[in-house]
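Take a look at the structure set out below.
The values are calculated or read from the model by the stated rules, or taken from the named source; none is laboratory data. Because the structure is predicted, anything quoted here is derived from the model rather than measured. Cβ placement follows ideal geometry from the backbone for every residue including glycine, while neighbour counts extend to all protein chains displayed. Ligands, DNA and RNA are excluded from the accessible area calculation, which covers all protein heavy atoms including side chains. Shrake-Rupley method; radii C 1.70, N 1.55, O 1.52, S 1.80 Å.
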Protein chains: 2
Amino acid sequence: MRNDHPELSWLREQGYRLTPQRLAILDVLRNTHGHLNPTEIYQRVSQDIPGLTEATVYRTLNFLAEQGLVLVAHLGRGRLVYEFTEHDHHHLICRQCGDMREIDHLELKGLYKQFLNNTGYQINTIHATFFGLCPDCQKDWSP
Amino acid sequence: MRNDHPELSWLREQGYRLTPQRLAILDVLRNTHGHLNPTEIYQRVSQDIPGLTEATVYRTLNFLAEQGLVLVAHLGRGRLVYEFTEHDHHHLICRQCGDMREIDHLELKGLYKQFLNNTGYQINTIHATFFGLCPDCQKDWSP
DNA sequence: CTTGCTATTGCAAGTAATTGCAATAGCAAG
DNA sequence: CTTGCTATTGCAATTACTTGCAATAGCAAG
C-alpha cells in the first residue's frame with residue numbers, strides 16, 4: 001500500500017488521522033476503475049483488514065466524500081455508489097430504458113466558471129446524475 | 001384536492017393509476033415550498049389517508065421521480081429529499097460551513113443544449129448538487 | 001352500471017445505512 | 001521513545017429504505 005499520495009498529507013495536516021481502515025478503503029477506490037457500492041468495498045477491504053465493520057466503511061465513505069476525495073453518485077432507487085475523484089465524470093441516464101453514459105468533467109467546466117462569477121463559489125466536488133430520454137426512447141414518447 | 005393538473009391525465013394515458021395515495025403525496029409536494037424527506041411526507045399525507053404505509057410513500061416517491069414529476073436531491077450522508085418539479089433549481093453547498101444556495105434551472109440550459117448536440121439525449125429531469133467552497137471559506141483554505 | 005384485467009397497496013420481512021458509547025490507537029509534543 | 005489528547009473504531013441498537021406476495025381497487029371496455 002503506497003502512502004505517498006498528496007491528499008494523505010493534506011488530510012493529516014487538517015488534523016484527521018490516517019488509519020489503516022481509511023488507507024485501505026481509499027486504496028481500493030484508487031485502484032478500481034468505475035463505481036463501487038459500500039458492500040463491494042467492504043468485501044474487498046475486509047481481506048486486508050479482517051476486523052473491519054460495515055459501519056466503518058459507511059462512515060469512511062461519508063468522510064472521504066466530505067473531504068472531496070471520493071465522489072458519490074445517486075443512481076436512483078436509493079443506490080449509492082462511490083468512486084475515486086481522479087477521472088471526473090458524470091452520468092446521463094435514460095429514464096425509459098436505463099441506458100447510461102458518461103459525461104466528461106470538462107463538459108461542465110464552463111458552468112463552474114459561471115458559478116464562480118455569479119456566486120463566488122469555487123466548485124471542487126461534484127457528481128451529477130442527469131436523467132433524460134435517449135435518442136431511441138424519444139421516438140416512443142411523442143404521440 | 002384538485003385533480004385537474006395536466007400531468008395527471010398524462011399519467012393515466014401511460015397506463016398508470018391515479019390512486020388516492022399518489023394524488024395525496026403529489027398534492028403535499030405540490031403545496032410545499034422546498035424539500036421534504038420521506039418521513040415528513042408520510043406524516044403529512046397520513047392525515048388524509050389514515051391507512052397509508054411508509055412503504056407506499058417510498059414506492060410512490062421513486063415512481064414520481066422516475067416519471068419526472070418530482071426531483072430527488074441527495075444532500076449528503078444518505079439522506080434523500082424530494083420536491084415538486086415546478087421551480088427547477090439545483091444546489092450549491094459549501095463543504096466547509098454547510099452554507100447552501102439555490103441555482104436556477106436556467107443556468108444549466110446551455111449545458112442541456114450541449115448534451116443534446118453531443119449525445120442526442122434530451123434532458124428532462126435533473127437535480128444536481130454541487131459541492132464547493134463559498135467565498136468566505138476559501139480564505140481558510142490557502143496557507 | 002357491471003366486468004375483468006392488472007397496477008398498486010398493505011403487510012411483514014429483509015437489506016442498507018446511521019449512530020451512541022466505551023475502548024482503541026494516531027500522532028504531535030516533549 | 002514515551003505521554004497525553006482526542007479522532008476513530010467496533011459493537012450493538014436504531015433508523016432508513018426496499019421487496020415478495022396476496023388482497024384490493026383503478027379504469028377501460030362492453
message: If B:ARG101 satisfies all but one of (1) modelled with pLDDT under 80; (2) more than 14 Å from chain A (Cβ to nearest Cβ), what's the number of the condition it fails?
response: (2)
statement: Per the filter on region B:24-55, residues in a helix (DSSP H, G or I), near DNA strand C (Cβ under 9 Å from one of its atoms) and free of Cβ contacts under 8 Å to residues at least 12 places away in the same chain are B:ALA55
query: Pick from A:ARG30, A:ARG12: which is open to solvent by 20 Å² or more (accessible area, probe 1.4 Å), within 16 Å of the chain's Cα centre (by Cα), more than 8 Å from DNA strand D (Cβ to nearest atom) and at pLDDT below 95?
result: A:ARG30
